[in-house]
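A short reminder: the numbers here are calculations on the coordinates, not readings from a lab. These figures come from a predicted structure and were not determined experimentally. All Cβ positions, glycine included, derive from the backbone under ideal geometry; neighbour counts span all protein chains shown.
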Amino acid sequence: MGVILCIHIAPKMGSMTKLNRVDFPNGTSLFEPVYLKEAIQYHKTNPVFSKRKITVFLIEKASTTLAISLADAFVLINYFLLFLHGILIYFISKTLLCSEENALRNILLYYVSFSIIFIFFPPIYSFDEPLHYFILLLTLLSFLKRYWFVGIVFLSLSCIVRESSLILLPFFVFYGWQNYKPKYSFLHVLPVVIVPCLVYLSYRIVVSDKGFSTHDELILRGTALKANFKNLSETTESLFSLCNTVIFPVVLLFRNLKKRKIVYEHKGYINSIKWILLFNSTLVLVGMLAKESRLFFLPMLLLVPFYYFIYDELQATFTLENFRVLFHSFYNRIIVIAMVIGCWVLSFNLFCSYFSLINEYCFLSSLVVAFYFLIELRVHRRKLDVA
C-alpha cells in the first residue's frame, strides 16, 4: 500500500492525486486540490456518474467532519479502503483453506495487478472502485461463510455503489446452488438475484435524471467500439489493457489449475467465473472505453483468492535450469532478442506514453508472459522429446 501511495504522489508521475500539470497547479499541497475537487463535482453532475452517490457522499462527509480539503478526504477514504482490501483478501483466502504464505501472496499479487497499482492514473481513472471492491469483498466473504442474508445485503449495496455488480449475480447464484445442494435448492438462491435487482431498480427510480434517459446512455455507449479501435495506437492500448488485466493472469492461473488436485467446492468456484469473464470482457470492448482497465477487472476480483496459482506457475517455470537450457541454443538466443525488441516496440511505440510507469509495466508483463511461453515451447517440449 505504501508503494502504491508513493507512486501516486511522486513528482511528475501524473496521477489523479498528484497531476503536476500547468492547468492544475497544486502549489505546496501534497495532493492535487483543484483537479480532485473538479473530479468530485464532475461525478455529481455528469448524468452517467451522478447516480453513483455513495462515494461522493463519504468524501464530502469526511471533508466536513474532519475539516480537511476534498482532495485530502478523497485520498483518506480511498487509500484506507485499499488498505482494507488486503485484510479482506487475507480472510477470504483463509476461508478457502489457503496457507498463510499463499494468503499473503494473494494480497501481494492483488496490489501489483495492473488495475490496482495504477488505480488513480490515466487512463484508468478510478473513482468508485475502492468502495465498490470493498463491499464486493465483504459480499464474497459473507457468502463463503454462508451468511446468506448479510451477503445479499452487501450485494445489494454494491449494486447501488456501482451497477456493474449486477454482472456478478450469476456467479453467486450458481456457486451457491452447486456447492450447497441438496441442502439448498435452486429456488433458495433466487433471492440472490431478485433482491439486489429490486433494490437497484428502486434506487434508480429515486435518483433518476429526467433529462438523461437510458436510451441516451446506450447511444453514448455505442460510440465506444469505434473509439477502442479507431487507429493502431488505440487498438494496441485497448488490447494491452485486456491482456494485462485479464488474459495474462487468467492464462497463468488456469494453466496451473490443470496441474492441481483441488476440492470440488473450489473447482466449482473457479469454473463459475469463466463465462462472466468472457461476457464482461466482450461488453467492455464493445460498449466502454477498454483502455480504462478497471472495467475489465471486476470479475477478476473473485479470482484474487487463487492468485497464488499464478505465483506457483511462474515459480515452477522460471528456474535457473530452464533458463540455462533455453540460452544454450543459439537459435533460442535469437528468438529472445527478437522477443525483447517486439515487447519494447509494443509497449513504448505503439500506444500512448505515460509518465506513470504504465509503459514500463506493460513491457515487463509482456516480457514475463513471452518468456513463460517460450520456455514452455522450447524447453519443456525438448525435455519431453529427450524423455
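The Leu198 and Ile54 beta-carbon pair, evaluated with R₀ = 22 Å, returns a calculated FRET efficiency of approximately 0.75. Going down the list Lys145/Lys267; Lys51/Lys291; Lys53/Lys274; Lys61/Lys145; Lys145/Lys274; Lys94/Lys259, which pairs span over 28 Å between their C-alpha atoms? Beyond 28 Å between Cα atoms: Lys53/Lys274; Lys61/Lys145.
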